[in-house]
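Notes follow once the structure below has been shown.
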Amino acid sequence: MTTSLSLCGQEIQKVDHDQFLCGLYAPDEHRDDFYALCLFAHETARIRDMVKEPHLGLIRLQWWRDVVEAVYTDRQDHSENGTHKEFVKTLQTKIVDKGLLDRYLNARAFDMEDQAHDDLPALMRYLEATGGSINQMKACFLNPDTMPAAQKIGTAQALCDVIKTLPYQARSGKCKIPVSLRKKHQLDLKAFHDFQPSNALQNCVSELADEITRLIAKARTEKAASNAALLSTVAIEDYLKRLKKLSYDPFNPHIGGGRLARQIKLILHGWRGSY
């Protein structure tokens, strides 16, 4: 492994420790690319939370589109931010198909609409286009043959993040649980925004957790060679295990922790070549 971290790697170490650890299993020559894609995903995913008005978010999203377009049309890069320059360097390899980037950024535009998807299939299509596409990009560098499995695990990770961020959504007056799922379990949005645990919320979360489990199981049927893009399963399944113990209550304050246990599991999976 390299002894120094890229700027993107340093940032990911701060904001997403689990992905940082996964990146340590990437080959030396592609570790910086892995972290650049992680930070690209992190920055674009939080655009809506960083702006007051949706149209400002769309402007920021267009800035990223322009960065990508400049690379793939061989125009000069005018980025001044160091991490952005590292992302551009990753794209300049032309290893990532531009269609994946376009699909990802187009899907991110939905974030600016401040609404939930109508049903679970619609949410899954969005998560596949966002988290799934990002993980496919990582697999492009690590082993293109693992892209189908990487897409499923990336989608599972994105859905796990939906559950993890439910407390933040409640504070922000939002709820990303699909409308049809809310209606099915009669979820009271006022109670949700007031941080009131309920059977309805737990049932919604349980269904989402089942979908994550199904996606990971399907990814494993691909029998792909393990790599850094697939090792996200360790953190995902650790979180689901703790969530189940707490009866699928996303507001439970005891849901955090377990970092050391995850590191040990990650080492074991890395050693065994499993995911």
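The values are calculated or read from the model by the stated rules, or taken from the named source; none is laboratory data. Remember, predicted model here, so these are calculated numbers, not experimental data. Backbone-built Cβ (ideal geometry, glycine too); neighbour counts: all protein chains shown. Just the protein is used for accessible areas: all its heavy atoms, side chains included, with ligands, DNA and RNA removed. Shrake-Rupley method; radii C 1.70, N 1.55, O 1.52, S 1.80 Å.
If you go through the range 261-275 and keep only what is in contact (Cβ under 8 Å) with a residue 40 or more places away in the chain, open to solvent by less than 50 Å² (accessible area, probe 1.4 Å), assigned to a helix (DSSP H, G or I) and of a type outside the set (Lys, Arg), you end up with Leu266, His269, Gly270. Meeting the requirement of 1 or more residues that are over 20 Å from Leu5 (Cα atoms), out of contact with any Lys or Arg (no Cβ under 7 Å at 6 or more places or on another chain) and open to solvent by 50 Å² or more (accessible area, probe 1.4 Å), the helices (runs of 4 or more DSSP H) wholly within the range 24-115 are 47-50, 54-72, 98-108. Looking across the range 180-218 at every residue that is open to solvent by 60 Å² or more (accessible area, probe 1.4 Å) and of a type in the set (Asp, Glu), the one that is nearest to Met124 (Cα to Cα) is identified as Asp210. Listed by first and then second residue, the pairs linking a residue in the range 246-260 that is in contact (Cβ under 8 Å) with a residue 60 or more places away in the chain to a residue that is buried (at least 17 other Cβ atoms within 10 Å of the Cβ), with Cβ atoms under 7 Å apart and 6 or more places separating them unless they lie on different chains, are Pro250/Ile163; Pro250/Leu166; Pro250/Val205.
Listed by first and then second residue, the pairs linking a residue in the range 1-26 that is within 24 Å of Arg272 (Cα to Cα) to a residue that is open to solvent by 20 Å² or more (accessible area, probe 1.4 Å) and modelled with pLDDT of 95 or more, with Cβ atoms under 6 Å apart and 6 or more places separating them unless they lie on different chains, are Thr2/Asp28; Phe20/Gln13. Residues in the range 27-42 that are of a type in the set (Asp, Glu) and in contact (Cβ under 8 Å) with a residue 24 or more places away in the chain: Asp28, Asp32, Asp33.
The sole residue among Gln157, Gln136 that is open to solvent by 10 Å² or more (accessible area, probe 1.4 Å), within 24 Å of Asn252 (Cα to Cα), modelled with pLDDT of 95 or more and not charged (D, E, K, R) is Gln157.
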